[in-house]
Structure formats: C-alpha cells, structure tokens
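The values are calculated or read from the model by the stated rules, or taken from the named source; none is laboratory data. This one's a predicted model, so the numbers in the text were calculated from it and none came from an experiment. Positions of Cβ are generated from backbone atoms using ideal geometry, with glycine treated the same way; all protein chains shown enter the neighbour counts. For the accessible areas, the whole protein counts, side chains as well, though only heavy atoms, and no ligand, DNA or RNA atoms are used. Shrake-Rupley method; radii C 1.70, N 1.55, O 1.52, S 1.80 Å.
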Amino acid sequence: VILPAVRASCVMSEGTRQEVPMVDVQIDGDWHSFPQGTRMIEALRAVGKMPPHYCYHPKLSSPGNCRMCLVEMGMPARPVPGREAPVPDADGRLPIGWMPRPVISCANTVAHNMGIRTESALVEECRHGVMEFLLINHPLDCPICDQAGECQLQEFSVGFGRGESRFREQKVKKPKNVDIGPRIRLDDERCVMCSRCVRFCEEIDDDPVLGFTDRGSHTVLAVHPGERLDSNYSLNTADICPVGALTSNDFRFQMRVWFLKETESLCVQCGRGCNTLIGSREDTIYRQTPRENNAVNSAWMCDQGRLDFAFVNSDLRLTAPILGERAGVQGDCDGLPATRHAASSWPAAIEAAARGLEGVGAGGLAIIGSARMTNEELWLLRRVARGLGARLIDVVPRTGGGDDMLRSDDRNPNSLGAKEILGIEPGEKLASIRERVRSGEIRALLVWQEDLFEEAGFVAEDLRGLDHLVVCQQLANATAEAAHVVLPGASYAEKRGSMINVTGRIQRLQVAVASPGEARDDWEILRDLASEIDGVSGPFLLEEVWKEMSEEVGCLEGLSFGSIGRLGVSVLETGAVVPLLEKERARRASGVIPEVLDPGVGRAV
Ligand code: SF4
Ligand code: SF4
Ligand code: FES
C-alpha cells in the first residue's frame, strides 16, 4: 500500500543538481511531493502555507525556541493488535494517525506518507497561546516603533492572535533605547527572544557579542560586558529582527516604511555587487537593504555599502551643465588660474566638449574613464574614444578593504566590464597619462566620474598646461572646479545599466530616484557626445546600446538587457569565490541550515 518511495527527481539550491529520493506528504488534505530531508517549514512554504514563525530563518540554525510554527503531524496508521486493520483509500493510501500533540515545523523534516495540518483547531489554539505569551509584556508602542508596517508581531497577532488581551497585571519593564553599537539601537521591551540576532553574530559574522541574561519574563538581550555590536555587518541584525527591538540609527524615525518605494538594484561600493532594495520616497533615498541572491551575497550586505547613499541626496550634486573659462588669476583650486563658470544648455555644453576635444588632435588627447561606469556607458565611452582617435584611455583602480565575508578587495564595481569593453588593464596607463598631461604633450583630457585629485593622484600643477578639460561628475569637486566643460551625470540610483562583478556575474541597476535638476543618465550624455563627434545619431534606447555591445563584446554574446533578469547571469569564469557563500555551503551540507527548494517543487501529486 506504500507508494514507491524513490522517484527520480532533482532539487537542489544554488544550481547544484543532484538526484534525491522524493517523498509524498499530505498537507491540509492534498498530497504533494518533496525531496527527502526537506524541512517541514520549507515544504509548507513551497505550497503557499508558510506557518507564522519568529526564530526560524533559512540562513541560520534552527533552535526551535519561539514555538510559533507549530503544526499537527501524523504518519500512516499502523495495525493495532485486537483492532481492525486500517483500510487504504481508493488511491491505496492508508489513513493518517494524527499525533495527539503539535510539533514545530522549523526543526523537523518531512517523511514519506506524512500528514501535516496547518489549519486545525489544535494549531489555531496553539498559535493563540504563543501570541498571548509574546504580547503579555510587550509595550504595544507600535505608533512610535520604526518596525511598524513590517513587524511580524503586528502581522501575526492580526493573523493568528486572539484579538484581545486577558492580561490585567503590571507589565515587566526592561531597558529601552540601549546603545549597543555605533549603528544599532536595542529596545529590550520589544524583543521576542527569537535569538536570530544572537545566531547571526555567532554563525555568520563570527563575532559573538550578543546573548541573553536573566530568566523567565525578565530575560533581556544584551551585549557581553566590554563588547559592542560594531562589526561591519551589524545592520543585518536589524533586518532579521522580526520586531522593532533592533533598529538602525541611520533609518530610525526618518520615514514610515509604508511610504517607501522599493527598487531592486545593486551596491556599487565594491566588486561584489551585493543585490539591494533601495527604499525611497519622492526621489529621496531613505535606506538600502540586502536582497537575497544566493550566487552573490546570500541575504546580507556590509554596513559600509548599505549606508553609502547620502551623497545621492547631497546639496553638492551638480544640477546643470557648466561652461568655464580660465580667468588668468589665481583660483580656489590650488595652483590653477580661476575658472569662471556659467550654467549652460545641454546642446551648447556637448558642442563645446566635442569641439575642445577634437581641437587638439588625437595625439594630444587622453581619456580617464571609471570602473564605476556601467557596461553601456563604457561601450559609449569607447565610441567617443574611437571617434576622437584617442589611444590613451584608462580607468582609476581602487583596491583594499576586502574581508572574509563579502567585501571584495576590488573597490570598483565594474572592473571586469572595463577590461572586457575597453580592452584595458585598469590603472596601467594612468601614470603615463599624468606625465604627459604635466609635460604638455596631452592638451585635452576627458574625465568620466572620477576625481582627478582625490582618486587619480593628480595635483593641480599637473593641469596647468591643459587647453581643455571636460568632466562628467555627480558632485561639485576640485576636478569640476578646474574644468572647461562640466557635464552633470547620474548616480547609481538614478540609472539603468549593467555591471560585471568580481566573480564574472553580470547584474542590473534600476532607476530608484530621478536625477536632480538637469543632470542626466550618463549613457545619454555619452551618446550625444559621440554623435556630436562622429555624426551618427542614436542609439535612443538602452536596449539598442545592448544590441550593439553584445554583438562585439565576446562575453555578452547572445544576451539581452532583459535576459540578465533580477539575479544576474554568469558571463565570465574568474575562479573567484565568495567566502561567505563557501561557509554557507558547508553549513548546508552539514545540515545546520536547510535546503531551500527550487520553484515548482512541491507540486501536487
Ligand atoms: S532583538 Fe530581535 S532578533 Fe534579537 S532576539 Fe530579540 S526579537 Fe530576536
Ligand atoms: S560587500 Fe561590497 S557590494 Fe556588498 S554591500 Fe559591502 S561594499 Fe557593497
Ligand atoms: S519558528 Fe520558532 S519554533 Fe519554529
């Protein structure tokens, strides 16, 4: 009567495919098929019946301490001596003998012919009870809590609570607004003791600074004496805290989460390209949070990258094209004559840029691009260089600061794109360009999104002999101050485009906010500059840029912008590994964390 236990199938996370036996499981009366060893909670998620849960997180171990994910479980009834044998139904399945008590679904696995009930009277009663205990000492300060709107205590009490409190006694008072780290605040009264933050620090961050002290309803979360929650990954604890106990100093009290628009994008602070959600309202960015991508950043990101968006909203943003004229007197930029600047129209600025660059001839020209530019922008920069006949072209390398988690030692987000598209080794020609500018051999310089002084090692004296300096910048800086033509470009959050990360994965940026004033998307500026130089109009859509680029850049052959998708596509084999993902793989292989099912697994049988 037992169904065949082994059916050939393949289900594995992260693209590793491997044959595993499948088992049939009855969930709320319907039969489904899952790989043997699947956690019950993941099986329930796969069929759209994810139970409420606090302590469970698929990237952490499962202590089973919150008891919120209780379900009813049963196995095929067995013959009992002296009683009638169980009778199989028309499909040959034996009736299920239900256990008289509930089980937690987060720490148990499915078995062949198992039954699970998620909606029975017993399950409902259990959820009411757990919610009631959790809310007894909760301060109910939702109106002033930053988590309101994305709080699982709110959501589960509405969905699974009793709807009223029977508690008439005095609530236990606990520490509030506790400074436990430079970027995190703790409110102990809101903590539901799920221990997700404690386990994140121990298991992912390898920095076990959090723990519980005291007992019973007086238990509090605390940092160990003499320690601080100050690792570069500390803000991930605020992301996974299911309630408002841990909040980000940067985001708290800034904006109600239900007003935020969320845009899928990337962090561009290093070559990892962590996937993000940009939270914005009315063209102002309020926060960035990690977006799960198991081939790039798992579910995490570093604090440094997460918080590096203030410049997008900065008053220093350039908002109009500017034309400058050297005034012949000493200026602010040390060692250089002052440049009188005046706002210009885009056509006049593009024309001035093109004529000035053309005017010195190919031998007197160099281009400094950026490995922070998108592939599409680099492609159009290449067209500008070809139109001008420029042979000296480079980007500014940035290195250092890598760690054994996510941060890459390459602090540029698109070094591989620059190599593939421009055919250069980043930084190889920079010293030579600087020397030739200084000697007067180079008389016109085009600089795209790089600060010559801060990043490229130039000093003001180097630029004395330049006849023409054209720059595209986002912020007013010394390079813009010294330029003859300033083109205001877009930040990473204001543009569409693609970048190739250090492991060779191409991923997409999306527009989260509008550029300030008349600043424009860089690919459009480059297209106009290229057209002014070579007389060829277009392309007019980013997709057209892609078509041209993918026909000539080998690693992009056959790809379209759309086919990159939400999670990117691997286009180059670099041999680079992500230390955090390697550790995660090992923890999954040892069974500490569960396999996450591929979409489509758990289909009805
Ligand atoms: S602070 Fe948040 S994540 Fe940490 S134990 Fe409390 S509820 Fe859980
Ligand atoms: S690891 Fe790199 S890409 Fe990821 S969040 Fe940090 S700086 Fe950004
Ligand atoms: S989710 Fe907490 S016990 Fe299962």
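Just one of the listed residues (C270, C241) is of a type in the set (A, V, I, L, M, F, W, C), at pLDDT 95 or above, within 12 Å of ligand 2 (Cβ to nearest atom) and open to solvent by less than 20 Å² (accessible area, probe 1.4 Å), and it is C270. Kindly indicate whether R117 is open to solvent by 60 Å² or more (accessible area, probe 1.4 Å) and under 41 Å from the mean Cα position of the chain (by Cα). So R117 passes the test. The single condition among (1) closer than 25 Å to P63 by Cα; (2) under 24 Å from the mean Cα position of the chain (by Cα); (3) part of a loop (DSSP other than H, G, I, E, B) that H138 does not meet is (2).
Looking only at segment 87-104, count how many residues are part of a loop (DSSP other than H, G, I, E, B), open to solvent by less than 40 Å² (accessible area, probe 1.4 Å) and within 16 Å of ligand 3 (Cβ to nearest atom). Steps first, answer last, please.
Filtering segment 87-104 down to residues part of a loop (DSSP other than H, G, I, E, B) leaves 87-95, 99-102.
Filter again for open to solvent by less than 40 Å² (accessible area, probe 1.4 Å), leaving 92-93, 102.
Then keep just the ones that are within 16 Å of ligand 3 (Cβ to nearest atom); that gives 102.
Selection size over segment 87-104: 1.
Against the numbered list (1) more than 16 Å from ligand 3 (Cβ to nearest atom); (2) over 30 Å from V502 (Cβ atoms); (3) surrounded by 19 or more Cβ atoms within 10 Å (Cβ to Cβ); (4) modelled with pLDDT of 95 or more, F253 comes up short only at (3).
One residue is enough: does segment 455-476 have a residue meeting the conditions aliphatic (A, V, I, L, M), at pLDDT below 95 and open to solvent by 20 Å² or more (accessible area, probe 1.4 Å)? There is at least one residue in segment 455-476 that is aliphatic (A, V, I, L, M), at pLDDT below 95 and open to solvent by 20 Å² or more (accessible area, probe 1.4 Å).
Applying the set (1) open to solvent by 30 Å² or more (accessible area, probe 1.4 Å); (2) within 16 Å of ligand 3 (Cβ to nearest atom); (3) of a type in the set (G, A, S); (4) not in a loop (DSSP other than H, G, I, E, B) to A107 leaves exactly one unmet item: (4). Pairs meeting the criteria (first residue in segment 340-360 and of a type in the set (D, E, K, R), second residue open to solvent by 60 Å² or more (accessible area, probe 1.4 Å), beta carbons under 6 Å, at least 6 apart or on different chains) are R340/E325. Residue-level check: of (1) open to solvent by 20 Å² or more (accessible area, probe 1.4 Å); (2) touching a residue at least 24 places away in the same chain (Cβ under 8 Å), G568 misses just (1).
Give segment 318-339 a look and list any residue that's modelled with pLDDT of 65 or more, crowded, with 19+ Cβ neighbours inside 10 Å and not polar (S, T, N, Q), or say none. Reasoning before the result, please.
Initial filter on segment 318-339 (modelled with pLDDT of 65 or more): 318-325, 339.
Going one step further and asking which of them are crowded, with 19+ Cβ neighbours inside 10 Å, we end up with 318, 321-324, 339.
Residues satisfying the conditions are L318, P321, I322, L323, G324.
Being open to solvent by 30 Å² or more (accessible area, probe 1.4 Å) and modelled with pLDDT of 95 or more holds for only one residue in P413, P397, and it is P397.
On the basis of being open to solvent by 20 Å² or more (accessible area, probe 1.4 Å), in contact (Cβ under 8 Å) with a residue 60 or more places away in the chain and either under 32 Å from the mean Cα position of the chain (by Cα) or more than 18 Å from I27 (Cβ to Cβ) (or both), does F160 make the cut?
On the way: open to solvent by 20 Å² or more (accessible area, probe 1.4 Å): yes; in contact (Cβ under 8 Å) with a residue 60 or more places away in the chain: yes; either under 32 Å from the mean Cα position of the chain (by Cα) or more than 18 Å from I27 (Cβ to Cβ) (or both): yes.
Considered against the rule, which asks whether it is open to solvent by 20 Å² or more (accessible area, probe 1.4 Å), in contact (Cβ under 8 Å) with a residue 60 or more places away in the chain and either under 32 Å from the mean Cα position of the chain (by Cα) or more than 18 Å from I27 (Cβ to Cβ) (or both), F160 comes out as yes.
Within segment 484-496, the set of residues being touching a helix residue (DSSP H, G or I) at 6+ places or on another chain (Cβ under 7 Å) and within 16 Å of ligand 2 (Cβ to nearest atom) comprises S491, A493. Flag not set for G562, criterion: without any contact (Cβ under 8 Å) to a residue 60 or more places away in the chain and under 19 Å from A385 (Cβ atoms). The set of residues in segment 445-483 being more than 18 Å from E428 (Cα to Cα), among the aliphatic types (A, V, I, L, M) and in contact with an Asp or Glu (Cβ under 6 Å, 6 or more places away or on another chain) consists of A460 alone. Does at least one position in segment 562-575 carry a residue that is in contact with a Ser or Thr (Cβ under 8 Å, 6 or more places away or on another chain), in a helix (DSSP H, G or I) and not aliphatic (A, V, I, L, M)? Within segment 562-575, not a single residue is in contact with a Ser or Thr (Cβ under 8 Å, 6 or more places away or on another chain), in a helix (DSSP H, G or I) and not aliphatic (A, V, I, L, M).
Counting only strands (runs of 3 or more DSSP E) that fall entirely inside segment 389-507 and contain at least 1 residues that are more than 29 Å from K261 (Cβ to Cβ), the qualifying elements are 392-395, 444-448, 468-473, 485-488.
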